[in-house]
Amino acid sequence: MVRAFLREAGKSDAAAACVVREAYVARFPNSRRTFIRLKGMHFSGANLFWFAGARAKGLADFWRRLEAKRKNPASMAREIGLFTALSYLTGQMTKEGLERTIRRKTGVAARLVPLLTPEAAIDVDKPEDLVLVRSILALD
């Protein structure tokens, strides 16, 4: 999983791994996840990131600014741009559009890298997540 991610991530300044909804639901049909909706792709983050050198710092700075505004959607929309916010809210934002927006806003060539390993999307922040992880480990 990590090697596959690095093979794809290495082609960019920065990358974030993700798992597409169909792969996750096929493997874990009874597990609840939050999925980000892009046109043609719904995904969950995988907590696996690539930052290649000093150029990628612009993306980290941009992310911190967004995260600081996460409780204020209007402020967040101003940060990412009204067109980008409307594109997302109307279901028109694509993976490629998101990557272009990030490059335009930060100067960083960032990629979203889908993984074929649904387990990559699991984090343990609720009791039911721990039950799921324990059941997966018991099968291995």
Query raised in the report: How do the pairs read when you match residues in segment 1-21 that are over 12 Å from Asn47 (Cα atoms) with residues anywhere that are in a helix (DSSP H, G or I), using Cβ under 6 Å and keeping only pairs 6 or more apart or on different chains?
Result: Met1/Ala120; Asp13/Arg55; Asp13/Ala56; Ala14/Ala56; Ala14/Leu59
Query raised in the report: If you check every pair at least six apart or on different chains, which have Cβ atoms under 8 Å apart with a residue in segment 44-58 that is touching a residue at least 40 places away in the same chain (Cβ under 8 Å) first and a residue that is among the polar types (S, T, N, Q) and assigned to a helix (DSSP H, G or I) second?
Result: Gly58/Thr106
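Okay, residues lined up against (1) in contact with a Gly (Cβ under 8 Å, 6 or more places away or on another chain); (2) exposed (fewer than 14 other Cβ atoms within 10 Å of the Cβ); (3) over 25 Å from Gly10 (Cα atoms):
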residue: Gly45; (1), (2), (3): no, no, no
residue: Asp61; (1), (2), (3): no, yes, no
residue: Arg70; (1), (2), (3): no, yes, yes
residue: Pro73; (1), (2), (3): no, yes, yes
residue: Ala85; (1), (2), (3): no, no, yes
residue: Thr90; (1), (2), (3): no, yes, yes
residue: Thr101; (1), (2), (3): yes, no, no
**Report entry** Odd one out for Gln92 among (1) modelled with pLDDT of 90 or more; (2) assigned to a helix (DSSP H, G or I)
**Finding:** (2)
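Would you call Leu115 over 30 Å from Ser135 (Cα atoms), crowded, with 16+ Cβ neighbours inside 10 Å, under 17 Å from the mean Cα position of the chain (by Cα) and in contact (Cβ under 8 Å) with a residue 40 or more places away in the chain?
Spelling it out, it is not the case that Leu115 is over 30 Å from Ser135 (Cα atoms), crowded, with 16+ Cβ neighbours inside 10 Å, under 17 Å from the mean Cα position of the chain (by Cα) and in contact (Cβ under 8 Å) with a residue 40 or more places away in the chain.
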Query raised in the report: Are any residues in segment 17-63 touching a Cys at 6+ places or on another chain (Cβ under 9 Å) and of a type in the set (S, T, N, Q), and if so, which ones?
Result: Ser44
Requested in this report: Pick out the one residue from Leu6, Leu59 that is within 28 Å of Asp129 (Cα to Cα) and in contact with a strand residue (DSSP E or B) (Cβ under 9 Å, 6 or more places away or on another chain).
Outcome: Leu6
Query raised in the report: How about segment 32-89: which helices (runs of 4 or more DSSP H) wholly inside it have at least 3 residues that are closer than 17 Å to Ala110 by Cα and over 15 Å from the mean Cα position of the chain (by Cα)?
Result: 57-68
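The values are calculated or read from the model by the stated rules, or taken from the named source; none is laboratory data. In this text the structure is predicted, and so the values were computed from the model without any measurement. Ideal geometry is used to build each Cβ from the backbone, glycine not excepted, and the neighbour counts take in all protein chains shown.
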